[in-house]
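A short worksheet on the structure shown next.
The values are calculated or read from the model by the stated rules, or taken from the named source; none is laboratory data. As the structure is a prediction and not an experimental result, all values here were calculated from the model. Cβ coordinates were reconstructed from backbone atoms using ideal geometry, including for glycine residues, and neighbour counts include every protein chain displayed.
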Amino acid sequence: MAPLRPYLHLMRLYRPIGIWLVFFPAAWVLALAGADFWLYPLFLLGAAVMRAAGCIINDLTDREIDREVARTRDRPLASGQLSARAALVALAALLLLGLGIVLLLPRPALGLALITLPLIIAYPWMKRLTHWPQIFLGLTFNLGSLFASIAATGGVTIPAFAIYLAALFWTLGYDTIYALADREDDARLGVKSTALTLGDSVPRFVALCYALTLVFLAAALLLASSGWYGYAGLMLFALHGFWQVRQIQHGGKPGAIFTSNQWPGAALLLAIMLGQWQG
């Protein structure tokens with residue numbers, strides 16, 4: 001197990017929150033579409049694979065910066081536990097596995113995959129080029145919802161696109177919270193983020209992002225004729241968003257607030273599934 005530990009660290013498999021945050025928007029779409037159950041584990045695997053690939057691409061790009069930041073200097077590439085060549089071999093294996101998953105889906109998924117990969121590769125550079133890298137992350141991180149729509153219906157439906165927009169704003173909010181932990185290091189190293197750009201306005205910005213998330217989620221539930229369970233789940237999602245904003249205002253730990261997003265994501269998924277079953 002010891003020889004594999006640096007690879008597990010490289011792929012962030014010890015921190016599954018990223019997998020859940022990629023998976024839930026796709027799973028919401030599957031639930032609204034009444035998709036076959038076998039698609040859920042397939043998309044969970046896909047979320048794990050592509051999130052791991054994204055982490056490797058990020059670490060290859062940022063390894064010099066990571067050495068200068070206390071939170072990231074122990075990452076395998078930054079610390080020298082793994083070479084760039086070893087990371088590239090692992091990345092190639094993950095991308096081949098991801099391609100295998102895409103080939104199990106209807107043909108339009110392959111075209112979407114060809115668009116997705118360049119976006120994943122480009123993301124680490126956005127924090128050098130723009131003060132709003134979280135927007136680019138949201139656009140890229142949530143494409144699984146469009147893949148899910150293709151898998152369940154053969155194309156991208158309007159409810160699925162509403163979920164994609166909701167997830168974009170959700171990501172923009174929670175990743176701004178995540179970036180709060182690195183504000184001092186980012187400012188010192190010249191790395192850009194919404195947390196740095198917005199300063200004291202972060203709580204208001206996160207509240208706006210979560211409000212827009214709720215608007216698009218409500219639109220998706222309405223368009224898909226979800227049962228009342230779905231709206232009950234949306235209320236729980238809203239309450240948790242309000243709690244997060246209050247935590248930011250009162251100096252809560254950004255990492256813990258960010259990680260807590262797995263719970264409203266799971267609650268909404270369960271609620272949508274119950275709503276579709278009831279309806």
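Taking the numbered list (1) in a helix (DSSP H, G or I); (2) without any contact (Cβ under 8 Å) to a residue 24 or more places away in the chain in turn, Leu21 passes all entries but (2).
Taking the criterion of being modelled with pLDDT of 90 or more, in a helix (DSSP H, G or I) and surrounded by fewer than 19 Cβ atoms within 10 Å (Cβ to Cβ), the residues of region 71-87 that qualify are Ala84, Arg85, Ala86. Of all residues in region 59-70, those that are in contact (Cβ under 8 Å) with a residue 40 or more places away in the chain have Cβ atoms under 9 Å from Cβ atoms of residues that are β-branched (Val, Ile, Thr) and surrounded by fewer than 18 Cβ atoms within 10 Å (Cβ to Cβ), 6 or more apart or on another chain, in Thr61/Ile121.
Checked against the criterion of being at pLDDT below 95, closer than 30 Å to Leu114 by Cβ and of a type outside the set (Val, Ile, Thr), region 243-260 contains not a single residue that satisfies it. Would you mind stating whether Thr176 is farther than 27 Å from Gln244 by Cα, hydroxyl-bearing (Ser, Thr, Tyr) and not in a loop (DSSP other than H, G, I, E, B)? Spelling it out, it is not the case that Thr176 is farther than 27 Å from Gln244 by Cα, hydroxyl-bearing (Ser, Thr, Tyr) and not in a loop (DSSP other than H, G, I, E, B). Taking first residues from region 89-112 that are on the phi > 0 side of the Ramachandran plot and partners that are exposed (fewer than 13 other Cβ atoms within 10 Å of the Cβ) and among the charged types (D, E, K, R), no Cβ contact under 7 Å between residues at least 6 apart in sequence or on separate chains turns up. Restricting Leu217, Leu198 to residues that are in a helix (DSSP H, G or I) and surrounded by fewer than 24 Cβ atoms within 10 Å (Cβ to Cβ) narrows the list to Leu198. Scanning region 220-246 for residues that are hydroxyl-bearing (Ser, Thr, Tyr) and either in a helix (DSSP H, G or I) or buried (at least 19 other Cβ atoms within 10 Å of the Cβ) (or both) returns Ser226, Tyr229, Tyr231.
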